[in-house]
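The values are calculated or read from the model by the stated rules, or taken from the named source; none is laboratory data. Just so we're clear, the structure is a prediction, and the values are computed from it rather than from any experiment. With ideal geometry, Cβ positions are generated from the backbone for all residues, glycine too; neighbour counts draw on all protein chains shown. When the accessible area is computed, the model is the full protein with side chains, heavy atoms only, and any ligands, DNA or RNA have been set aside. Shrake-Rupley method; radii C 1.70, N 1.55, O 1.52, S 1.80 Å.
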Amino acid sequence: WQGQIADQLILRPDGSSRTVQDSSFSIKNGSDRIIGTIMRDITEQKKAEDKLKKWADAFNSAEWGIIVSEGVGTRMEMMNPAFAEMHGYTVEELTGRSAIELFTPELQEDLLKQIQIANEKGHHVFESMHIRKDGSKFPVRIYVTAVENYNGEPLYRIVNVMDITKEKEEL
């Protein structure tokens, strides 16, 4: 008999509930068979998984662009669909590429200065011009947060990018 693993919600005597994962097994000893169950409380693990799912939903559902880039360079490690769509790409096409490629040529050098400011201050906001896959240009407002390790070294940056074309047209 193969063991089974299942998650169950159980009620405790005090009325509270816990999520447990039980593993059932069978051991044959001669003509005798022993069936056992091991229960492990996974309530906190389930809460953490639910919280991570909400963060993933927020990341993937946001209507503005969000990317996570490496701490020292400009390589984009993760991005939400809105960021890729804003630029006319798929997430897969942009993942691993340098963010510099999305800036107009005359502003590419400025990006390195803006990254340095973000890494020094921790947070930084600036405006720039991006290029879509089709070559069209559009204005963006960029919010950068640098995440550091315990030694103060940059681990990665969280970048929010907003297409401000309509805002600029209203001026």
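Worth pointing out:
- Entirely in region 1-104, the helices (runs of 4 or more DSSP H) that have 3 or more residues that are open to solvent by less than 50 Å² (accessible area, probe 1.4 Å) and touching a residue at least 12 places away in the same chain (Cβ under 8 Å): 81-86
- Any chance Gly152 is at pLDDT below 95 and not acidic (Asp, Glu): yes
- Gln108 meets all of the listed conditions (1) touching a residue at least 12 places away in the same chain (Cβ under 8 Å); (2) part of a helix (DSSP H, G or I); (3) crowded, with 16+ Cβ neighbours inside 10 Å but one, namely (1).
- Identity of the residue in region 126-171, part of a strand (DSSP E or B) and among the basic types (Lys, Arg), that ends up surrounded by the most Cβ atoms within 10 Å (Cβ to Cβ): Arg157
- Qualifying residue in region 108-129 (condition: under 18 Å from Gly65 (Cβ atoms) and in contact with a Lys or Arg (Cβ under 6 Å, 6 or more places away or on another chain)): yes
- Residue-level analysis places Pro105 outside the set of residues that are in contact with an Asp or Glu (Cβ under 7 Å, 6 or more places away or on another chain) and within 20 Å of Tyr89 (Cβ to Cβ).
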